[in-house]
1. In the stretch 278-398, how does Rg compare with the Kirkwood Rh, expressed as the Rg/Rh ratio over alpha carbon atoms?
2. Can you work out the FRET efficiency for the pair Lys347 and Lys187, with r the C-beta to C-beta distance and R0 = 51 Å, to the nearest 0.05?
3. In whole Hz, what ³J(HN,Hα) sequence does the stretch 311-327 give by Karplus (6.51, -1.76, 1.60; θ = phi - 60°), x for Gly and Pro?
4. From Cα pairs below 8 angstrom and at least 6 apart in sequence, can you work out the relative contact order of the stretch 278-398, rounded to a whole percent?
5. Thr378 to Ala209: FRET efficiency via 1/(1 + (r/R0)^6), r the Cβ-Cβ distance, R0 45 Å, to the nearest 0.05?
6. Quick one: Leu345, Leu259, fewest Cβ neighbours within 10 Å first, how do they rank?
7. If N is the number of residues in the stretch 226-337, what value comes out of its Cα radius of gyration divided by 2.2 N^0.38 Å?
8. Please report the antiparallel percentage of DSSP beta bridges with both residues in the stretch 278-398, rounded to the nearest 5.
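Every read-out reported here was derived from the displayed coordinates using simple, explicitly stated rules and does not represent laboratory data. These numbers come from a predicted model, not from an experiment. Here Cβ is always computed from backbone atoms with ideal geometry, including for glycine, and neighbour counts include all displayed protein chains.
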Amino acid sequence: MPASVSRPRLTLNSRPTRRPAIIKQIRSLSATAIVMPPIRSSPANLTTRCDIRSLSTNSLMPLPPRHIFTKIPSTIASTRQIAITAMPCVAFNTAHSASPPAPGADFNVLMIGAGNIMFGSDEGPWNHSFRFEHKLGPRLKVVGLIDPNVERSQSVLDGKRASFVESAYRDTKVFRTIEDFQAQMTKETEPRAIVVGSPPAYRGGTTKANDLELQLLKLFPHSHYFVEKPVACGPVEEAKEVTQELVRAGNIVSVGYMLRYLRCVQKMKQIIAENNLTVMGTVARYACAYEAIAKPAWWNKAIDMGPVIEQGTHFCDLSRYFGGDVDIGSVVAHSVEWDEAPGQLSKIPVDESKIPEDQRIPRMTTATWKYANGAVGTFVHAVALQGTAYSCELEVYCDGFQMRLVDPYNAPTLYLRRPGDDMEERHAFTDDDPFFSEVSNFIDCIEGGPDPHILSSFEDATKTYE
Ligand SMILES: NC(=O)c1ccc[n+]([C@@H]2O[C@H](COP(=O)([O-])OP(=O)(O)OC[C@H]3O[C@@H](n4cnc5c(N)ncnc54)[C@H](O)[C@@H]3O)[C@@H](O)[C@H]2O)c1
């Protein structure tokens, strides 16, 4: 970083701030509305550290005065030997740049859900417990694990206690409900952070069956919440009510749309900011490998709401990250249903005959919409591939620019075409772990650590759900 460039710390406005004020700002940033400024972002000399649009929480708040890029130029691979240093990439709190966990006081975490997202699986790289261990080291103390499936909780804890992270799980108590945990909680075991990895059917709403966040606010008002996507799978209006309560309470809340933290994605934001571009349109394609998806709930619309809500949501969210708010009335969608000729699948790994016909999922879905600023969006989700690897791409178009994000799950790569050239540059980043980045930024926000950014607020994630 050039000596003349001061670190932006957590400044979201131009006034100098002392630490408590900074933390207050973050608290409101993370739960509050991300009111996106126009996509044409900034005056020519106005630059920012990462995401101009998500850091600007409201239009009254001036953007930070200058760009600070924590580049890692050596990790940019370009097939055309582009001037790497001229286009430094944003990397903040990534696994690559993270220091080893610092010593310090215990950090209590309560985990809700003992499933794949929390403890990992063969399905993919997600595994929050691993990232919390990596971030907090011996400070991590998992005070409770909540899951109605007590055997599953016990089994994952047995595994952890037999490993070198034993100290984090030595005193973890298992409960079926958060109420049971709270009833025995002491000052010493109050969680600083609560990680929510239960299925969306049980959260994001206002009824007894799904009002988890409202209960968290009541039972653990001093904790901060990391909540998995999608934020709900009930009525959108209920999710909006939950948002309002979270915003009112002011706790730090981060939602697990980890793809926003990908360095390729941040580079795309950087290119848009540096060139003062207006996004003209987004084209998203998410084709999953259905043969490997063996969860009956995933194949049942009545439980997971179908694959667009369950997984395609990541690309709806990324589309919005670039295109901004969507004119919801403009959304038009079509799908190939399970009983139509093109929808016949030969390798479904669950017994679909056990799922009521009207609850079986569509095979392919297409949608188009207008963004509020007039740009257009296209989304395609396909339950069509076999094997294990997904085929996912997001294209973003601006005047003279095409940015193609390819394979964000396995080998995130950005193909960039710019004005004056028909060739595509290729940018790839090593050691990029967006799951670590989102956890690291969340913890740093709680602790007032260096330069944290929460890129997905509950309110913004609710718009993605909508
Ligand atoms: N960001 C990502 O890439 C990513 C990846 C995987 C899953 N997820 C999300 O994580 C969430 C969970 O998915 P998963 O794959 O871990 O599912 P899973 O089925 O493997 O695990 C869910 C666990 O939650 C438990 N559970 C059910 N009701 C509960 C309740 N009321 N309270 C606490 N626990 C309860 C279940 O018993 C189960 O053990 C979903 O919202 C999913 O979309 C996100």
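1. Value, to two decimals: 1.01.
2. 0.45
3. 10, x, 3, 4, 7, 4, 5, 5, 4, 5, 4, 9, x, x, 5, 9, 6
4. On the way: 246 pairs, mean separation 59.3, N = 121.
49 percent.
5. Efficiency computed from Cβ-Cβ geometry: 0.80.
6. Ascending number of Cβ neighbours within 10 Å: Leu345, Leu259.
7. Here the answer is 1.23, to two decimals.
8. Beta bridges within the stretch 278-398, antiparallel portion: roughly 70 percent.
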